[in-house]
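Written below as structure tokens is the structure these notes are about.
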Amino acid sequence: MVKHSPVIGRYVTIDVDGFEYKVFYLRNGQGIPLVCQHTAGCHNHQWRDLLEDPDITQNYDVIAYDLARHGKSDPPLNKEWWKEEYRLTADHFINFITTLCDALELDQPIFMGSSFGGNVALQLAHRHPDRFRAVIPVEAAEHAPGFYLDLWHHPHANASQVCASGVWDLMAPQSPDKDRWLTWHYYSQGAEAFKGDLYFYSVDHDMRGKLGEIDTKRCPVIMMTGTYDYLTPPEATEATARQIPGGIYIEMEDIGHFPMSENYPLFSVYLKEALRLIEERT
Amino acid sequence: MVMSVRDWAIRFTEASDRDQTIGAMARYFTCTYLWDMETEKVIVEMVDGKVYRINIDPAPLDPYDFALRASAHSWREFAHPIPEPMYHGIWSASFRKDLKIEGNTLVLMQNLRNFTVQFELLRKVGVPV
């Protein structure tokens, strides 16, 4: 029996800081736009179950894109990108997201991202509070040093397996094998972008001393972190949320750094609470 | 009662050699590593995906590529069927607990997929400390 998903994939071409990107995104639902950023070195299939969750898509227009150089979004089409080492900066990441939201004509979307996507969510709340209805930084912190490592690209090792198994421990042992190995599979596909993404995650993203400037009356911030996340452990996210006036922290039990991908049924419980809190505040 | 290191070596060898996930990609899984569990030390020698030998009484100059060193308490935590947060892997325990990864870590990275699976066998096999 043929079974079609309601999720539709499309490309849109945008210009970001002079870089021409043909961006691939998956979309399903209706209502308030919910823009979803995958984790470093990965792609939008991490949001596969959210995209097909009718409890969410009946009220939210879910859009999960591949950041340039990830999944089906190619590197810039108008640059000789192979002649420079890729290092993602906060400025370029933020401009990419706001340009994409403009291209899709999204009205006051909610932005949700995990890991480096969570960190950029904090940056968006800080720099563009009037452009987003709210942000949901997942597995995020004000600063996350320690993962910008040369070993991700060492030519004497299998980079695909190093990246995929290097992030294995970021998932909770309780998460289903099927979903943990799917996440491993996605990570085996993104080794070339992983290290450059982590330049943003561990180096260029540094919001220490700036969190008090976030205005949650204009852009509510709901942070969520899993108890098995060793990179941004719960205490790091909680400490970050406490420094944001009006910031909210939700601890997610028995889940790790890729909650939407490693155990969506559990993650969705917390996500629905985050969306309810946003609805109350907007 | 803690199992003897000799019994542990037999159980670990059987578990590793029969593991389907390791077996699916085992052809080049060749390396030698030390596990320092504070009160016991073992050197595991892997050849083409199989446990070739486990040295349960290493001498000071016995060679290995890389080592994992942690307290006996941490090793017991690693061996729980569902470990507590931060005891659930070598990365988490090295970032947040007392696990030290030493030696030629490039060899660890070259074998990371299978080594990670093998480390988690401790949840079924247990530890001799």
Checklist entry - What are the lysines whose alpha-carbon lies under 27 Å from the alpha-carbon of A:Lys72, with same-chain residues fewer than 8 places away excluded? => result A:Lys3, A:Lys22, A:Lys83, A:Lys178, A:Lys195
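For region A:145-282, take N as its residue count and report Rg(C-alpha) divided by 2.2 N^0.38 Å. Spell out each step's value before the answer.
Numbers: Rg = 16.5 Å, N = 138, 2.2 N^0.38 = 14.3 Å.
The reported ratio for this selection is 1.15.
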Checklist entry - In µm²/s, what is D for chain B at 37 °C and 0.692 mPa s, where D = kT/(6 pi eta Rh) by Stokes-Einstein and Rh is the Kirkwood radius from Cα pairs? => result 225 µm²/s
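Ranked from highest to lowest mean number of other Cβ atoms within 10 Å per residue, what is the order of the peptides B:32-40, A:132-140, A:147-155?
Sorting B:32-40, A:132-140, A:147-155 by mean packing, highest first, produces A:132-140, B:32-40, A:147-155.
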Item to check | Rel. contact order, % - alpha carbon contacts under 8 angstrom, at least six apart, region A:124-208 | outcome: 44 percent
Next on the checklist: Charges at C-beta only: +1 for Lys and Arg, -1 for Asp and Glu. How large is the resulting dipole of region A:238-282 about its Cα centre, in Debye rounded to 20?
Outcome noted: 220 debye
Item to check | Karplus 3J(HN,Hα) series, Hz, for region B:75-83 with 6.51 cos²θ - 1.76 cosθ + 1.60 (x for Gly, Pro) | outcome: 5, 5, 5, 4, 8, 5, x, 10, x
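What's the ranking of A:51-60, B:105-114, B:56-65 by average number of surrounding C-beta atoms within 10 Å, highest first? Intermediate results must be reported in sequence, preceding the final value.
Numbers: A:51-60: 16.6, B:105-114: 21.3, B:56-65: 12.0.
Descending packing order for the listed peptides: B:105-114, A:51-60, B:56-65.
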Next on the checklist: Straight-line reach only, C-alpha to C-alpha below 29 angstrom: list the lysines that A:Lys217 could link to, leaving out same-chain residues fewer than 8 apart.
Outcome noted: A:Lys272
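How large is the convex hull of the Cα atoms of the protein assembly as shown per residue, expressed in Å³ as a whole number? Write out the running numbers ahead of the final one.
Working: hull volume 63.1 nm³, N = 411.
With only Cα atoms used, the protein assembly as shown gives 154 Å³ per residue.
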Item to check | Under 15 Å, Cβ to Cβ, from A:His126 - net charge with Lys/Arg +1 and Asp/Glu -1 | outcome: -1
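What is the sum of charges around A:Asn78, taking Lys and Arg as +1, Asp and Glu as -1, for the other residues whose C-beta is under 13 Å from the C-beta of A:Asn78? Working shown, then result.
Details: positive: A:Lys22, A:Lys79; negative: A:Asp15, A:Asp17, A:Glu20, A:Asp74, A:Glu80.
Net charge around A:Asn78: -3.
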Item to check | Backbone HN-Hα couplings from phi across region A:25-42 [Karplus 6.51/-1.76/1.60, Hz, Gly and Pro as x] | outcome: 9, 9, 8, 6, x, 8, x, 5, x, 10, 8, 10, 9, 6, 8, 4, x, 10
Item to check | Among A:Ser5, A:Gly146, A:Tyr270 the positive-end extreme of the charge dipole of the protein assembly as shown (Cβ point charges) | outcome: A:Ser5
Checklist entry - Once Lys and Arg get +1 and Asp and Glu get -1 on their Cβ, which of A:Gly196, B:Trp8, B:Trp91 lies farthest toward the positive end of the dipole of the protein assembly as shown? => result B:Trp8
Item to check | Shielding score for A:156-166, defined as the mean number of other chain Cβ atoms within 10 Å | outcome: 5
Item to check | Total charge dipole magnitude, chain A, about the Cα centre, Cβ charges on Lys, Arg, Asp, Glu only, Debye to nearest 20 | outcome: 360 debye
Checklist entry - Can you pull the mean other chain C-beta count within 10 Å for peptide B:112-125? => result 3
Checklist entry - Taking the Cα centre of each part, how many Å lie between region B:45-71 and region A:151-176? => result 22 Å
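Once you sort the root eigenvalues of the Cα gyration tensor of region A:57-151 as a ≥ b ≥ c, which label holds: rounded (a/c under 1.5), prolate (a/b larger than b/c) or oblate (the other case)? All intermediate terms of the calculation are to be shown ahead of the outcome.
Values: a/c = 1.89, a/b = 1.29, b/c = 1.46.
Oblate shape, in that a/c is at least 1.5 and b/c is the bigger or equal ratio.
Only the coordinates and a few stated rules stand behind these numbers; no lab work does. Remember, it's a predicted structure, so these values are computed and weren't measured experimentally. Reconstructed Cβ throughout: ideal geometry from the backbone, glycine too, with neighbour counts over all protein chains shown.
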